[in-house]
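Peer 1: Here's a structure for you.
The values are calculated or read from the model by the stated rules, or taken from the named source; none is laboratory data. On a predicted model such as this, the values are computed, not experimentally measured, just so you know. All Cβ positions, even for glycine, are placed from backbone atoms using ideal geometry, and neighbour counts span all protein chains on display. Protein only, heavy atoms only, side chains kept; ligands, DNA and RNA dropped before computing areas. Shrake-Rupley method; radii C 1.70, N 1.55, O 1.52, S 1.80 Å.
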Amino acid sequence: HVTQVLNVAPDENLSMIADTVAFLKKNGREVFYDAEHFFDSYKDDPKYSLDTLRAARDAGADVLVLCDTNGGSLPEEIARITAEVVADLKCPVGIHTHNDCGLGVANALAAVRAGACQVQGTMNGYGERVGNANMTTILPNIVLKMGRTARCAGNLAQLRDLSLFFDELANLRPDPKAPFVGQSAFAHKGGLHANAAQKVARSYEHIDPALVGNRTRVLVSDMAGRSSLALKARELGIELDEKRPEMKALIDELKEREFRGYEYEAADASFRLLVARHLGQRRSFFEVEGYRVIIERHGGELWAEATVKLRVNGETVHTVAEDIGPVGALDKALRLALERTFPALREVGLRDYKVRILEGSDGAGARTRVLIESGDGARIWGTVGVSDNIIDASWEALRESVEYKLSLG
């Protein structure tokens, strides 16, 4: 790719703009004239910058789009200049902003308030450098906060799904803290917050999450109180009375586990099993007598062999399985030991596997948290394991994944 910079006289530049727009209009095109670097140009020479827009307008451009190409303008600058353009040219004006100062959305909204009627941006803010204005944030702000109309307003409830679809296409992990569509956008962690949100949603939720295809989430952690635990349990289909005597022991164990590194925000199934155990409702489907994993390299190939020994219905079951990695081998051996008794496990597959080295730990022997996402075609659930040994942490999460599936009946 070669870029050639041409020195063009100002008058000739205006003629080129007009000729290009006129040619496109003559051939039946709808023309959005993107004025690259407009705001920087306007700050240097307002008169000539307006002349370039006027040339495009007079040649028939349908919309004049003002571009903050290097993302360096502030909202008050965007608002002032956009208002001046709208007042002077009296034609449809659009806005195109970048996020180099973290103001892509704010600048776009400032332009709309100043008279822009068209906004350019990208889904999830993907774009060069630090990104473009994020349409998943701009759209709900324009429609729900500013009361403006948009052709897509009727589809706003599909916004989160659309955002996740684009993340999937780009093979990027969704941002949990994305406004409106992120997993944490309407999540409540502290007991007081969770309780208040249940009683008066608007106290901690600025909109109804369903309007953008999201939902309220109650998270459990060492900040959890009786209210948030009861709410989280209810979200998972368990009626848990805040006044039950088991609640104190449950809260104490939850805090102790989080201190050791457990995290239940993405491990609802493990949390449900923990609650069921404290309520005396956790069924025992099998007992683990032991397991072993061996990793070998044969020539250029690496293989893992897992041996699992369980006690099922009073009988000892001993199975061996191979896979490329130790977790896959353990998963195969565990299910092989159980599938004859519990054929529903054949429906279960691992969907995701995440490893996190916990803060404050050192070197290769650091404490490890493993999060596993499993599914059976109809449901998806998460489990967690923590250990100084990554294989043992993985085994805990695998075992709880299987237990949760069996508890569903």
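Peer 1: So, taking all protein chains as they sit and a 1.4 Å probe, how much accessible area belongs to C152, in Å² rounded to tens?
Peer 2: 50 Å²
Peer 1: Given the pairs K309/K354; K255/K405; K309/K332, which span a C-alpha to C-alpha distance of over 19 angstrom in this model?
Peer 2: Distance filter (> 19 Å) returns K309/K354; K255/K405.
Peer 1: Which angle from 0 to 90°, rounded to the nearest 10, does the C-alpha axis of helix 159-170 make with the longest principal axis of the chain?
Peer 2: In the chain, helix 159-170 runs at an angle near 80 degrees to the longest axis.
Peer 1: Against the longest principal axis of the chain, how steep is helix 390-407, in degrees 0 to 90 to the nearest 10, with axes from Cα atoms?
Peer 2: With both axes taken from Cα atoms, the answer is about 80 degrees.
Peer 1: Let me ask something else about it. Using a 7 Å offset from the Cα along the Cα-to-Cβ direction at both L302 and S407, what is the distance between the two label points in nm, to one decimal?
Peer 2: Distance between label points: 3.4 nm.
Peer 1: Mind running the shape call on segment 266-371? Use the C-alpha gyration tensor, a ≥ b ≥ c as the square roots of the eigenvalues: rounded below 1.5 for a/c, prolate if a/b tops b/c, oblate otherwise. List each step's numbers first, then the result.
Peer 2: Values: a/c = 1.92, a/b = 1.12, b/c = 1.72.
Since a/c reaches 1.5 but b/c is at least a/b, the shape of segment 266-371 is classed as oblate.
Peer 1: Determine the order of E315, E256, E77 by accessible area, beginning with the largest, at a probe radius of 1.4 Å. Each step should come with its number before you reach the end.
Peer 2: Working: E315 115, E256 85, E77 50 Å².
The ranking, largest first, comes out as E315, E256, E77.
Peer 1: Sum -39500 (n - 2.57) across every DSSP H segment of at least 4 residues in the chain, then divide by the residue count to get the 222 nm mean residue ellipticity, nearest 500.
Peer 2: Working: 13 runs with 156 residues, N = 409.
Helices in the chain give a 222 nm mean residue ellipticity of -12000 deg cm²/dmol.
Peer 1: Please state the shape class of segment 43-139: rounded when a/c is under 1.5, otherwise prolate if a/b exceeds b/c and oblate if not, all from the C-alpha gyration tensor.
Peer 2: Details: a/c = 1.87, a/b = 1.65, b/c = 1.13.
Here segment 43-139 falls in the prolate category.
Peer 1: So how much accessible area does V320 have, in Å² to the nearest 10, using a 1.4 Å probe?
Peer 2: About 80 Å², ignoring ligands and nucleic acids.
Peer 1: Could you list which residues have their amide H under 5 Å from that of R215, counting only those 5 or more apart in sequence or on another chain, with H placed in the peptide plane?
Peer 2: Placed amide hydrogens put nothing under 5 Å from R215.
Peer 1: Right, something else. Which entry in (1) 26, 60, 14, 0; (2) 24, 52, 22, 2, 0; (3) 21, 40, 26, 13, 1 matches P(r) over Cα pairs in 20 Å bins from 0, in percent derived from the coordinates of this structure?
Peer 2: (3)
Peer 1: For R335, R215, R29, what's the largest-to-smallest order of accessible area, 1.4 Å probe?
Peer 2: R29, R215, R335
Peer 1: Nearest 5 percent is fine: what portion of the DSSP beta bridges confined to segment 1-157 is antiparallel?
Peer 2: Among the beta bridges of segment 1-157, antiparallel pairing accounts for roughly 5 percent.
Peer 1: In degrees, nearest 10, range 0 to 90: what is the angle between the Cα axis of helix 268-278 and the longest Cα principal axis of the chain?
Peer 2: 40 degrees
Peer 1: What does DSSP give for the chain in terms of the percent of beta bridges that are antiparallel, rounded to the nearest 5?
Peer 2: Given both bridge residues lie in the chain, the antiparallel proportion sits at roughly 70 percent.
Peer 1: If you don't mind, another one. Can you give the relative contact order of segment 1-66 as a percent, counting alpha carbon pairs under 8 Å and 6+ residues apart?
Peer 2: Answer for segment 1-66 is 42 percent.
Peer 1: What ranking of D88, D388, D68 comes out by heavy-atom accessible area, probe 1.4 Å, highest first?
Peer 2: Order by accessible area, largest first: D388, D88, D68.
Peer 1: For D241 and D323, compute 0.36 nm times the residue count separating them, minus their Cα-Cα distance, and round to one decimal in nm.
Peer 2: Contour length minus the Cα-Cα distance gives 25.0 nm.
Peer 1: With all protein chains present, calculate the accessible area of H98 using a 1.4 Å probe and round the result to the nearest 10 Å².
Peer 2: The value for H98 is about 10 Å².
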